[in-house]
1. In region 241-343, which helices (runs of 4 or more DSSP H) lie fully inside it and hold 1 or more residues that are buried (at least 16 other Cβ atoms within 10 Å of the Cβ), touching a strand residue (DSSP E or B) at 6+ places or on another chain (Cβ under 6 Å) and modelled with pLDDT of 95 or more?
2. Give the residue, chosen from LEU221, LEU161, that is over 20 Å from the mean Cα position of the chain (by Cα) and aliphatic (A, V, I, L, M).
3. Every residue in region 239-269 that is free of Cβ contacts under 8 Å to residues at least 40 places away in the same chain and within 24 Å of the chain's Cα centre (by Cα), please.
4. Can you find a residue that is more than 17 Å from ALA258 (Cβ to Cβ), touching a Lys or Arg at 6+ places or on another chain (Cβ under 9 Å) and without any contact (Cβ under 8 Å) to a residue 40 or more places away in the chain anywhere in region 180-201?
5. State all residues of region 144-158 that are buried (at least 17 other Cβ atoms within 10 Å of the Cβ) and of a type outside the set (A, V, I, L, M); if no residue qualifies, say none.
6. Could you grab me the full set of residues in region 202-238 that are exposed (fewer than 13 other Cβ atoms within 10 Å of the Cβ) and without any contact (Cβ under 8 Å) to a residue 12 or more places away in the chain?
7. Could you list all residues from region 221-245 that are touching a helix residue (DSSP H, G or I) at 6+ places or on another chain (Cβ under 8 Å) and charged (D, E, K, R)?
8. Contact list please: Cβ distance under 9 Å, first residue in region 299-316 and more than 15 Å from SER16 (Cβ to Cβ), second residue of a type in the set (Asp, Glu) and part of a helix (DSSP H, G or I), pairs at least six apart or on different chains.
Amino acid sequence: MEKIQKDITILAIESSCDETAAAVVKNGRTVLSNVISSQIDLHTLYGGVVPEIASRKHIENVDGVVTEALHQANMTLDEIDAIAVTYGPGLVGALLVGLSHAKALAYATGKPLIGIHHIEGHICANYIQNKDLEPPFMALVVSGGHSHLVLVSEYGKYEILGKTRDDAAGEAYDKVARVIGMGYPGGPKIDAAAKKGNPDAVTFPKIFLENDSYDFSFSGLKSAVLNYVNKQKMMGIDIVPEDIAASFQKSVIEVLVAKTIKAAKDYQVSKIALAGGVASNSALRDEMRKACEKEGFYLSIPAPILCTDNAAMIGCAAYYEYSSGITHGLELNAVPNLILGQR
């Protein structure tokens, strides 16, 4: 990676789902501002994210969020070195709002434009949290749309070792929460309820797949929960949502932790990093800490605000892209199914 002599300050925009976010980041790891406008209360009314509504709210919010990010950083656009933006994966309409705004700013100011992969951003959030963290390391990325095991061999170099074959972990959380009457968003609600439940109350399957596989599968577990709930109702037996939440979460986390540890051992890396919205789950954080302490791995976990969608992580990722000489033209388009590592 090319060594940059002067400070590089990047304005970053993130709008891949239902958070409109902007941040100003200096040299990849120093966050000068990180502004997030969440739509969660609005989408809760519908039991999940409604893409058209999300896009409209991004249009309403993006200019104000960017203005506030610059204000909090006490900077002007003239002082910014580059404009970064998420261009995939995500909801195409939502992505286009942030991308269009970023391209307009880049065109108006003559600043370089840097398109960033959303999952790369999540992984790079660890560099903000842990200033001394450097590759190589194994990253477990778990969110509403993704469950990836990624070998980060160098800055900007990612190898996906495993991914979900069906539901992502966060998606399974949302669906199970709906089944047991907890509503949306499922992740934090199940995490909270599980603290009050018995994780051994119900034996749900733990899906490990083939012995040599780093892939994940959570649809069978989701179906097992649904079948259990339906059977109890047919028998006239009241369910205990807290016990179901705790038992379900135990099955998810045991698989996530075991596969991550196995991958780190197999690829002989000494560091593990968590990333993505589900990385803010307290039980996952606790169990991964225990496993890493037992096996002798260094563990990096971003603060919860850096696990959920935010623009600071996009600004961090953009610094390392920019340092490698990577920028994009104004023809850059949104790619809703963008693959990690794809240029």
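1. Where helices (runs of 4 or more DSSP H) fall fully within region 241-343 and carry at least 1 residues being buried (at least 16 other Cβ atoms within 10 Å of the Cβ), touching a strand residue (DSSP E or B) at 6+ places or on another chain (Cβ under 6 Å) and modelled with pLDDT of 95 or more, they are 241-266, 282-295, 312-323.
2. LEU221
3. ILE253, VAL257, ILE261, LYS265, listed by residue number.
4. Here is the first cut: in region 180-201, the residues more than 17 Å from ALA258 (Cβ to Cβ) are 180-198, 200-201.
Now drop any that are not touching a Lys or Arg at 6+ places or on another chain (Cβ under 9 Å), which leaves 182-184, 186, 194, 200.
If we keep only those that are without any contact (Cβ under 8 Å) to a residue 40 or more places away in the chain as well, we get 186.
Yes, region 180-201 has at least one match.
5. In the first step, residues of region 144-158 are kept if they are buried (at least 17 other Cβ atoms within 10 Å of the Cβ); the result is 144-152, 155-156, 158.
Selection gives GLY144, GLY145, HIS146, SER147, HIS148, TYR155, GLY156, TYR158.
6. Those that are exposed (fewer than 13 other Cβ atoms within 10 Å of the Cβ) and without any contact (Cβ under 8 Å) to a residue 12 or more places away in the chain: GLU210, ASN211, ASP212, ASN227, ASN230, LYS231, LYS233, MET234, MET235, GLY236, ILE237, ASP238.
7. Across region 221-245, the qualifying residues are LYS222, ASP238, GLU242.
8. So the pair list comes out as LEU299/GLU293.
The values are calculated or read from the model by the stated rules, or taken from the named source; none is laboratory data. This one's a predicted model, so the numbers in the text were calculated from it and none came from an experiment. Glycine also receives a Cβ, built like all others from the backbone with ideal geometry; neighbour counts cover every protein chain displayed.
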